[in-house]
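Have a look at the structure below before the remarks.
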Amino acid sequence: MTVVGKLLDPLADKILVIVTMIMLIPIGRIPAWVVMLIVVRELAVTGLRSIALAEGVVIQASSLGKYKTVFQCSATIALCLHYEYLSIDLHAVGMALLWIALGFTVWSGWSYFRDFYRELFSS
């Protein structure tokens with residue numbers, strides 16, 4: 001994968017998930033404040049990683065961030081499907097996955113900031 005591909009691939013994934021979540025707000029399938037927290041975290045961590053890179057420090061993607069992505073994507077798919085299927089309420093499943101994703105979102109965001117602080121200001 002090229003350097004540009006390494007940058008744009010995760011960015012494209014984030015944009016796709018965030019835009020889909022934003023589109024679910026007006027139809028009442030997802031709370032706006034949850035989407036706002038997710039968007040703020042994504043912008044903050046992306047900015048933080050850019051600042052660290054400018055200082056010569058690479059902050060790798062953590063396993064928490066990967067779990068966050070899996071739960072966000074799964075929640076978004078279930079919330080898009082929304083209706084009951086095979087006696088499974090996909091909206092309820094999507095909301096449960098969204099709450100888990102929100103937990104990982106906050107936890108991984110805090111973890112990135114903690115690691116950034118340790119790398120740049122500990123010495």
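Once the range 96-119 is narrowed to residues that are touching a residue at least 60 places away in the same chain (Cβ under 8 Å) and over 11 Å from the mean Cα position of the chain (by Cα), the residue that is farthest from L43 (Cα to Cα) is E119. If you go through the range 40-57 and keep only what is exposed (fewer than 15 other Cβ atoms within 10 Å of the Cβ), among the hydrophobic types (A, V, I, L, M, F, W, C) and under 13 Å from the mean Cα position of the chain (by Cα), you end up with V40, L43, A44. Residue pairs whose Cβ atoms lie under 9 Å apart, separated by 6 or more positions or on different chains, with the first residue in the range 38-59 and on the phi < 0 side of the Ramachandran plot and assigned to a loop (DSSP other than H, G, I, E, B) and the second of a type in the set (K, R) and surrounded by 14 or more Cβ atoms within 10 Å (Cβ to Cβ), are V58/R49; I59/R49. Could you tell me whether the range 81-89 includes any residue that is buried (at least 17 other Cβ atoms within 10 Å of the Cβ), in contact (Cβ under 8 Å) with a residue 12 or more places away in the chain and either on the phi < 0 side of the Ramachandran plot or part of a helix (DSSP H, G or I) (or both)? Looking for residues that are buried (at least 17 other Cβ atoms within 10 Å of the Cβ), in contact (Cβ under 8 Å) with a residue 12 or more places away in the chain and either on the phi < 0 side of the Ramachandran plot or part of a helix (DSSP H, G or I) (or both), one finds none in the range 81-89, hence no.
Values quoted throughout were computed directly from the atomic coordinates according to the rules given, and no laboratory measurement underlies them. Predicted model only: the values in this text are computed from it and were never measured. No Cβ is skipped: glycine too gets one built from the backbone with ideal geometry, and neighbour counts run over all protein chains shown.
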